[in-house]
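Engineer: Here you go, one structure.
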Amino acid sequence: MGANYRITMAPIQALLESLHHRYRDLSSGTLASYIPQLAKADPQWFGLSVVTVDGQCFHVGDVAQQFTIQSISKVFVYGMALEDYGRDRLLKKVGVEPTGDPFNSLIRLDEDSKRPDNPMVNAGAIATTSLITGADPTERLNRLLAMFERYIGREVYVDVSTFLSERDTGHRNRAMAHLMLNFGMINGDIEAALDLYFQQCAVLVTCQDLAVMAATLANQGCHPLTGTQAVDSAYIRDILSVMYTCGMYNFAGEWAYRVGIPAKSGVSGGILAVVPNLAGIAVFSPPLDKNGNSVRGLRVFEDLSREYGFHLFDLSLGRCRFRDALQQP
Ligand code: GLN
């Protein structure tokens, strides 16, 4: 059994190592600096992780380096809001339409519906976070951290300096929250909602964690190593749908075309992606392109999808070298 296991898994490890080697010297892209703390990242950091739904883990590079999760948190908080409100009530507050605009755009908030377009861009994410239930800010933060812990399988922490750095400088996000308050799309204490949003963005993760979180989504919400149900499996379809259509900001359409699996990126340089019923994949590399997506991350995923055929519409045709590499005896 042990011998078979090693023979089966070697191709994936070799694949990750060759991709790391291919792109580690790529120097394009710039660090996010609008949150001052993020500009302190090392542009050389580069990690790749794959975790399968049956709990096998493959890692190369800086996979244990901690960084703040940023926008990737939006996926998981959306899952929590679905559990708190149900699909129909949540849809009245936050839509599921891709925007084609930058992630921090507020231009469409003043259009007819006044409803933020989707939960994967800042306006929709702030509205989603404002809905999280709990008696007071501490209870809401604790519920949110407990949710992340179910996906990650260990205790998680907020990086206080990044949280404060964003709270001090997050004027666009504050403007969006005020507009949505004005339109009645969010209620209550918007400073508390913004604090919770900045805190969720400042949760510390590693590339390994992101792959486990993606694998949990790939596994119908059940953490492949701990067996914990992180989110009600009834909502996996909703979560993966908005990731697929809206997860990569104004690159979402091209991502769906070129890579073809649900994914989410964040301005600290992480990208996680879900191959349903098979694996979670994560790349971490801080330099970003103009859309705010990790430059190395995009290259790795494009190569993986092209060479290993996990585009969803390849999978439906039964052509997936990635699955073969993971599963062949
Ligand atoms: N905290 C960041 C913001 O709200 C998250 C953005 C991102 O990762 N794209 O601006």
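The values are calculated or read from the model by the stated rules, or taken from the named source; none is laboratory data. Everything numeric here is computed off the predicted structure, so don't read it as measured data. Because the Cβ atoms are built from the backbone with ideal geometry, glycine has one as well, and the counts that use them run over all protein chains shown. Remember, those area values only see protein heavy atoms, side chains included, never the ligands or the DNA or RNA. Shrake-Rupley method; radii C 1.70, N 1.55, O 1.52, S 1.80 Å.
Engineer: Please count how many residues of the stretch 209-219 are among the polar types (S, T, N, Q) and within 16 Å of the ligand (Cβ to nearest atom).
Structural biologist: Final tally of qualifying residues: 0.
Engineer: Moving to a separate point now. Taking the stated definitions as given, is Gly188 of a type in the set (Gly, Ala, Ser), touching a helix residue (DSSP H, G or I) at 6+ places or on another chain (Cβ under 6 Å) and not in a helix (DSSP H, G or I)?
Structural biologist: Considered against the rule, which asks whether it is of a type in the set (Gly, Ala, Ser), touching a helix residue (DSSP H, G or I) at 6+ places or on another chain (Cβ under 6 Å) and not in a helix (DSSP H, G or I), Gly188 comes out as no.
Engineer: Might you check whether a residue that is surrounded by 20 or more Cβ atoms within 10 Å (Cβ to Cβ), small (Gly, Ala, Ser) and within 19 Å of Pro286 (Cα to Cα) occurs anywhere in the stretch 220-230?
Structural biologist: No, every residue in the stretch 220-230 fails to be surrounded by 20 or more Cβ atoms within 10 Å (Cβ to Cβ), small (Gly, Ala, Ser) and within 19 Å of Pro286 (Cα to Cα).
Engineer: Moving to a separate point now. How many residues does the stretch 176-208 hold that are open to solvent by less than 40 Å² (accessible area, probe 1.4 Å), within 16 Å of the ligand (Cβ to nearest atom) and touching a residue at least 60 places away in the same chain (Cβ under 8 Å)?
Structural biologist: Result for the stretch 176-208: 15.
Engineer: Test each condition in (1) within 15 Å of the ligand (Cβ to nearest atom); (2) outside any helix (DSSP H, G or I) for Ser113 and report the one that comes out false.
Structural biologist: Every condition holds for Ser113 apart from (1).
Engineer: Does any residue in the stretch 26-38 that is closer than 18 Å to Gly297 by Cβ come within less than 9 Å, Cβ to Cβ, of a residue that is away from the ligand (no atom under 13 Å from the Cβ) and among the polar types (S, T, N, Q) six or more places away or on a different chain, and which pairs are these?
Structural biologist: From the stretch 26-38, the pairs are Leu26/Ser285; Gly29/Ser285.
Engineer: Is it the case that some residue within the stretch 309-327 is assigned to a helix (DSSP H, G or I) and closer than 27 Å to Glu83 by Cα?
Structural biologist: Yes: the stretch 309-327 contains one or more residues that are assigned to a helix (DSSP H, G or I) and closer than 27 Å to Glu83 by Cα.
Engineer: Identify the residue in the stretch 66-95 that is in a loop (DSSP other than H, G, I, E, B) and open to solvent by less than 60 Å² (accessible area, probe 1.4 Å) and, among all such residues, is farthest from Leu144 (Cα to Cα).
Structural biologist: It comes out as Gly95.
Engineer: Give just the number: which of (1) within 13 Å of the ligand (Cβ to nearest atom); (2) open to solvent by less than 50 Å² (accessible area, probe 1.4 Å); (3) out of contact with any Gly (no Cβ under 9 Å at 6 or more places or on another chain) does Arg172 not satisfy?
Structural biologist: (2)
Engineer: While we're looking at this one, here's another question. Identify all residues within the stretch 79-110 that are away from the ligand (no atom under 16 Å from the Cβ) and either in contact with a Ser or Thr (Cβ under 6 Å, 6 or more places away or on another chain) or among the charged types (D, E, K, R) (or both); write none if there are none.
Structural biologist: Correct list: Ala81, Glu83, Asp84, Arg87, Asp88, Arg89, Lys92, Lys93, Glu97, Arg108, Asp110.
Engineer: Another question about this same structure. With the requirement that a residue be over 19 Å from Thr133 (Cβ atoms) and under 20 Å from the mean Cα position of the chain (by Cα), what does the stretch 171-197 give you?
Structural biologist: Passing the criteria: only Asn173.
Engineer: Okay, next question. Where residues in the stretch 104-121 are free of Cβ contacts under 8 Å to residues at least 40 places away in the same chain and open to solvent by 50 Å² or more (accessible area, probe 1.4 Å), which of them is farthest from Ile72 (Cα to Cα)?
Structural biologist: Result: Asp112.
Engineer: Between Ser285, Ser305, which is among the polar types (S, T, N, Q), over 21 Å from Trp45 (Cβ atoms) and open to solvent by less than 10 Å² (accessible area, probe 1.4 Å)?
Structural biologist: So the residue among Ser285, Ser305 that is among the polar types (S, T, N, Q), over 21 Å from Trp45 (Cβ atoms) and open to solvent by less than 10 Å² (accessible area, probe 1.4 Å) is Ser305.
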